[in-house]
Amino acid sequence: MTIITVTAPTGRLDVEQRRELARTLTDAVLVPEVGQPAPAARVGFQVHFVERERDMMTIGGRLLADAGPEADVMVVDVAVMDAAWQADVRAQVIERILAALAAVCGQDEPSPAWWVTFRVIDEGSWGASGGVLSILPLLASGVFTEERAEAVRAALAVRP
């Protein structure tokens, strides 16, 4: 289960850009998480788009409304279930997200004011379907490569 929240100034992303980001941001996390582009795993991913008026966002202590149109601020928050999220895997996800944003926005590279946060939700702290979820039963679903499933089992086994 993964929730990706994109916060941007109102009107920054049009509906076509949001459609493309829904797919590419899902892929940016899904492939590193499960080890392959498993179509069956896609249902466990949500992308939320939040728009804020330019007078409700700031950078450098100035309202975007006062900073001018060149102030291109976006924040992407990624919340994932506890699994094998070593630093190199998190870095891969963050880089893939920034590349997807740049591509959809028609830029050669991401803006330095586009920020990505990556949060791992502790085992036992994610709920849906009327109860608490664990990633462990999902490992037998066939969407994880054996390598990723083993990495998740190993990562969770060493935690208290």
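The values are calculated or read from the model by the stated rules, or taken from the named source; none is laboratory data. These numbers were taken from a predicted model, which means no experiment stands behind them. Neighbour counts are summed over all protein chains in view; Cβ atoms, including those assigned to glycine, are modelled from backbone coordinates with ideal geometry. Just so you know, the surface numbers come from the protein's heavy atoms only, side chains and all, with ligands and any DNA or RNA stripped out. Shrake-Rupley method; radii C 1.70, N 1.55, O 1.52, S 1.80 Å.
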Accessible carbon and sulfur surface of the chain relative to its total accessible area, %, 1.4 Å: 55
Debye log10 I(q)/I(0) at q = 0.09, 0.14 Å⁻¹ for the chain, Cα point scatterers: -0.33, -0.74
Neighbour-limited loop hits for GluC sites (Glu not before Pro), the stretch 27-97 (at most 11 other Cβ within 10 Å; DSSP other than H, G, I, E, B): 70
Of all DSSP beta bridges in the chain, antiparallel share, percent nearest 5: 40
Average accessible area per residue (Å²) across the chain - probe 1.4 Å, nucleic acids and ligands excluded: 54
MRE, 222 nm, helices only [DSSP H, n ≥ 4, -39500 (n - 2.57), over the chain, to nearest 500]: -11000 deg cm²/dmol
Peptides 103-109, 17-23, 120-126 ordered by average Cβ neighbours within 10 Å, highest first: 17-23, 120-126, 103-109
Mean Cα-pair separation over length for the chain, i.e. relative contact order, pairs under 8 Å, 6 or more apart, %: 30
Chain lengthening between residue 49 and residue 65 when straightened (0.36 nm per residue, less Cα-Cα): 3.8 nm
Positive-end residue, the chain charge dipole about Cα centroid, Cβ charges, pick of 46, 8, 103: 46
Reciprocal mean inverse distance between Cα atoms of the stretch 69-140 - Kirkwood radius, Å: 14.2
Inter-part distance where the stretch 102-160 and the stretch 4-68 are each reduced to a Cα centre, Å: 17
Of the trypsin sites (Lys or Arg not before Pro) in the stretch 84-160, those whose Cβ has at most 10 other Cβ within 10 Å and which sit in DSSP loop: none
Principal axis box of the stretch 30-97, alpha-carbon based, largest edge first, Å: 44, 25, 20
Amide N of the stretch 8-22 lying under 17 Å from the label point, which is placed 7 angstrom from the Cα of residue 102 along Cα→Cβ: 21
Cα centre as origin, Lys/Arg/Asp/Glu Cβ charges: the chain dipole, Debye: 340
